[in-house]
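Rule-based calculations on the coordinates, nothing more; no lab input. Being a predicted model, the structure only gives us computed values, none of them experimental. So basically every Cβ, Gly included, is an ideal-geometry build from the backbone, and we count neighbours across all protein chains shown.
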Amino acid sequence: MTLTEIIETFKTKLNPSKIMDSLEKTASFYDESDNDFGEDDSGDDLKNNPYSNSASDSVKSSGLTKITRDEKEPLIKLTDVWKIYQMGEVEFAALRGINLEIYEGEFLVVLGPSGSGKSTLMNLLGCLDIPSEGTVYLNSEDISGFDESELARIRGQMIGFIFQSFNLLPTLRTEENVLLPMEFQEEDIQIARKKASYLLDIVGLSDKKHNLPSQLSGGQKQRVAIARSLAVNPPIILADEPTGNLDTKTGNYILEFLHGLHEREGKTVIVVTHDLDLVKYATRVVYIRDGEIEKIEKRTKSEPEELK
Ligand SMILES: Nc1ncnc2c1ncn2[C@@H]1O[C@H](COP(=O)(O)OP(=O)(O)OP(=O)(O)O)[C@@H](O)[C@H]1O
Ligand SMILES: [Mg+2]
């Protein structure tokens, strides 16, 4: 049975949550491609989607219960943000007065040369770090003065990361890495395990559950990171060079996956990339140079092909 067929059966018989729609395209990509991702899947976990137990449970699992939103306000807002790194006596301003508003449902692509401050910006957008000067608002809340535990709380509720270095914990096995964000959210362990199995099935890594990151290929690590980023069903997905260092096929898979999350699930996706194939999905492109925003380009659906 192909992954598409499994998902199709599952969709018609079991009325799963919206997440399946965004994954369908990915599955058809796998099934149509001559690759072995997901081929070993028994599909057992797919038969029981832990994200679709009940409406109230799926709201709980997304962490969205604690968040109320004013739709007119930007989801993320940076006002005159500076990030200054201190190395002994030397200071380096990696971000210099960034002003940026990001709205719900955007697909924002950040472009810029190496060292221009893209990852530094992503760390701030993802509440992994706070600015040296200026203000970062997430969901209208000023997070600039938050301590690490407050940042961790808001990250856990709001943000899924697919980062350059994968940020998989080296001592944790595949399944444990995916469980981690749910443990932070104090998800029931039985449900968390079901969700982890389900997501690992989706990314075709059921047979690598017990591998350590050092026992996975680059593309497999990236897929673990994707499974983990979706574990708590967050409204914002941040990806730093998600297709960098990957073969074309895995790169395309990740690209389609991100597009699906945006297009079908309405997630806010923010991506740093050099990959022009990803730029075609952008609603806006932010160009960064030497820690400053050089320009912001608004894109419509008809424009992207020109870039190819
Ligand atoms: N922890 C740090 N301490 C000191 N300087 C840093 C630190 N992190 C980053 N920098 C410097 O800040 C600048 C921006 O780094 P950043 O990682 O944001 O660049 P980038 O645009 O993501 O580059 P790349 O495309 O190579 O990933 C660089 O000059 C870098 O050397
Ligand atoms: Mg970087």
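Below are the figures for this structure:
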| item | result |
| --- | --- |
| Backbone HN-Hα couplings from phi across the stretch 101-112 [Karplus 6.51/-1.76/1.60, Hz, Gly and Pro as x] | 10, 10, 9, 4, x, 6, 10, 9, 10, 10, 10, x |
| Debye intensity ratio in log₁₀ form over the Cα atoms of the stretch 193-308, taken at each q of 0.12 Å⁻¹ | -0.49 |
| Largest-first principal axis extents, alpha carbons of the stretch 139-220, Å | 42, 29, 21 |
| Cross-link pairs beyond the 19 Å C-alpha cut-off, checked among Lys83/Lys267; Lys221/Lys249; Lys118/Lys295; Lys77/Lys295; Lys221/Lys280 | Lys83/Lys267; Lys221/Lys280 |
| For the stretch 117-158, projected area of the alpha-carbon convex hull averaged over all directions, nm² | 2.8 nm² |
| All-pairs Cα distance distribution in the stretch 202-267, expressed in whole percent, bin size 10 Å | 19, 53, 26, 2 |
| The stretch 121-262, relative contact order [Cα under 8 Å, separation at least 6], % | 29 percent |
| Restricting the stretch 138-189 to GluC sites (Glu not before Pro) in coil, as DSSP defines it, with at most 14 other Cβ within 10 Å | Glu186 |
| Where the Cα pairs of the stretch 156-197 fall when distances are cut into 10 Å bins, in % | 28, 57, 16, 0 |
| Dimensionless Rg/Rh of the stretch 91-247 - Kirkwood Rh, Rg from C-alpha atoms | 0.98 |
| D (Stokes-Einstein, µm²/s), Kirkwood Cα radius, the stretch 78-125, 1.567 mPa s at 4 °C | 108 µm²/s |
